[in-house]
Amino acid sequence: MTLSWLSIVRLGLVQLALGAIVVLTTSTLNRLMVVELALPATLPGFLVALHYGIQITRPTWGFRSDTLGNRTPWIIGGMAVLAVGGLGAAAGVIVLERSLGAGLALSVVSYVLIGLGVGASGTSLLALLATATAPARRAAAATITWLMMIFGIAVTAGVVGGLLDPYGPARLMTIVGATAAAMLLLTIVAVWGVERGIEARPEPEAPPFRVALREVWAERKARNFTLFVFLSMIAYFMQELILEPYAGLVFDFTPGESTQLAGAQNGGVFLGMLTVGVLATGLRLGSLRTWVATGCLGSAAALLTLAAIGPMGPGAPVLPASVMLGFFNGMFAVAAIGSMMQLAGEGRGAREGTRMGLWGAAQAIAAGFGGLAGAAAVDTMRGLTADAPAFATVFTVEAALFVAAGLLALVIMEGGRSADPMLQPGE
C-alpha cells in the first residue's frame, strides 16, 4: 500500500512545521544578535553553522529508520527536540544581553538540539516519502511537500515580523514559544497513523552503518548528486545570515520589517517552485537541466542587483530584489528536490533513508559552511570598508558560486525533457 494524496499533504504539514521553527532561528534571532545586540555577524553565523554541522548525523538517522522500518517515532521525536531547541535559542538571545558567556553557552546547547531535531525528523520524513510514495507520484510529492515548507517559512516570517514590533524580550519568548508548541502539535496530528497499512521494510540482516554508507557512496548517481548538492548549497546559503542585517544596517529596516523581508523572499521561492512545477510537470516545457541553469544564473543576477542598490540607502528597491532572488532560488531547488526523491529509490534496496541522509548531510555541511563564510566575510569587509560595499562584495562572490553551480549542473545532468521535475545525474 502506498501513500494517498491526502497522506502526502499531511506529511507536507510536517515540512511546514520544520520550516516555521527553523526560520525563526536562522533569520529573526540572527538579525537581533547583529543589529539590536551589536554582536559580530560571525557569532550567529557560528551558531547556525553549528546546527548545520550537527546534521552530519543525518545518514545515521536515515539508517536507523531503514533498519527499524518505523519512521513515525523519529519524525515526532525529532520535532519535539527541535521545538525545545528553538525556545532555548530565543532565551539565549535574551541572556546574551546580560551575559555573553552564559548566553553563548545556552545558545550552543540550543542550536545543537535544533540540528539533532531537524536531522532526525527531516531525514525520516523524506525517507518515508521516498519509500511509501508510488513512483509516478514521487516528483509531485516532493514539489507539494517543499512548497508547503516554503509556505510555512514565508507565512511564519511575515506573521512574526508583524507581531515582533515593538521588540521586547517577553514578546520574543511568547512568539517563539507559541510557534514551537503549535508546530509540534501540528506534526503529531499530521503524521499520526500515516504509516498504518504501509508495509514496513526493515532489512532482515542490516550491515553496520559504515558498510551501508560505503555501499551508497559507491553508486555513481548518488555520488555525483552529492557533489552537486554540496556546491549548489554553499551558493544558496551564503546570503542566509547576512540579508536581514544588510536590510537593517544599510536600509534602516526595523526587526519586524527585516523579518517580513525574509518572508517575502521565501514567498519568491514558493512562486519559483510553483512555476517550474507547472511548466516542467504540467506543460512539459524546457529541459530540467535548463531550468536548473536558469535558476542558478537568475539567482546570480539577483545577488548582483542587491549588491548594486546598496549605495542608494533607505528607499532602495531591496524588497523586489529579494523576491527576485527567492524566485530563482525556488526554480533551482524544485528540480533538485524531485531528483532527490527519485534517486533515493534507485540502487540497492532498503537504503532510501541512508541516501536521503547522505544528501541531507551534504546540504547541511554546505549550508553551515556557506552561512558562516558569508557572515565572517561581511565582518572582515566591514572592518575594511563601509557597510554597503562590504555586503556587496560577499553578494558578488556568492553570485560567482551560483554561476559555477549552474555550469556543474550542465555537465553532470541530462538535458532531455521529462514529465517529472527531477534531474538525472550523468552516468
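Overview of results
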| item | result |
| --- | --- |
| Test: residue in the range 246-255 that is modelled with pLDDT under 85 and closer than 22 Å to V48 by Cβ | yes |
| Residue that is surrounded by the fewest Cβ atoms within 10 Å (Cβ to Cβ), among those in the range 287-303 that are of a type in the set (G, A, S) and modelled with pLDDT under 90 | S287 |
| Flag if V211 is buried (at least 24 other Cβ atoms within 10 Å of the Cβ) and either under 20 Å from A362 (Cβ atoms) or not basic (K, R) (or both) | no |
| Some residue of the range 262-277 being open to solvent by 10 Å² or more (accessible area, probe 1.4 Å), of a type outside the set (V, I, T), within 22 Å of V34 (Cα to Cα) and at pLDDT 85 or above | yes |
| Check on L249, over 18 Å from the mean Cα position of the chain (by Cα) and surrounded by 19 or more Cβ atoms within 10 Å (Cβ to Cβ) | yes |
| Residues satisfying the stated conditions in the range 13-50, i.e. of a type in the set (V, I, T) and more than 15 Å from S110 (Cα to Cα) | V14, T28, V34, V35, T42 |
| Complete set of residues in the range 313-327 that are modelled with pLDDT of 90 or more and open to solvent by 60 Å² or more (accessible area, probe 1.4 Å) | P317, L319, P320, M324 |
| Residue in the range 367-386 that is surrounded by the most Cβ atoms within 10 Å (Cβ to Cβ), counting only those that are outside any helix (DSSP H, G or I) and among the aliphatic types (A, V, I, L, M) | A386 |
| Lone qualifier among T28, T60 - being crowded, with 24+ Cβ neighbours inside 10 Å, of a type outside the set (K, R) and in contact with a helix residue (DSSP H, G or I) (Cβ under 7 Å, 6 or more places away or on another chain) | T28 |
| T42, sole failed condition from (1) open to solvent by 40 Å² or more (accessible area, probe 1.4 Å); (2) more than 15 Å from L243 (Cα to Cα) | (2) |
| P425 being at pLDDT 90 or above, of a type outside the set (S, T, Y) and at negative phi | no |
| Residue match in the range 73-82 (condition: open to solvent by 10 Å² or more (accessible area, probe 1.4 Å) and modelled with pLDDT of 95 or more) | yes |
| Enumeration of residues in the range 164-181 that are free of Cβ contacts under 8 Å to residues at least 40 places away in the same chain, open to solvent by 50 Å² or more (accessible area, probe 1.4 Å) and not hydroxyl-bearing (S, T, Y) | P166, A170, R171, A178 |
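Residues checked against (1) open to solvent by less than 10 Å² (accessible area, probe 1.4 Å); (2) touching a residue at least 12 places away in the same chain (Cβ under 8 Å); (3) within 23 Å of L129 (Cβ to Cβ); (4) in a loop (DSSP other than H, G, I, E, B):
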{"residue": "M356", "(1), (2), (3), (4)": "yes, yes, yes, no"}
{"residue": "I365", "(1), (2), (3), (4)": "no, yes, yes, no"}
{"residue": "A388", "(1), (2), (3), (4)": "no, yes, no, no"}
{"residue": "V394", "(1), (2), (3), (4)": "yes, yes, no, no"}
{"residue": "V397", "(1), (2), (3), (4)": "no, yes, no, no"}
{"residue": "L408", "(1), (2), (3), (4)": "no, yes, no, no"}
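The values are calculated or read from the model by the stated rules, or taken from the named source; none is laboratory data. This one's a predicted model, so the numbers in the text were calculated from it and none came from an experiment. Note that each Cβ is placed from the backbone with ideal geometry, even for glycine, and that neighbours are counted across all protein chains shown. Heads up: the accessible areas ignore ligands, DNA and RNA and are worked out on the full protein's heavy atoms, side chains in. Shrake-Rupley method; radii C 1.70, N 1.55, O 1.52, S 1.80 Å.
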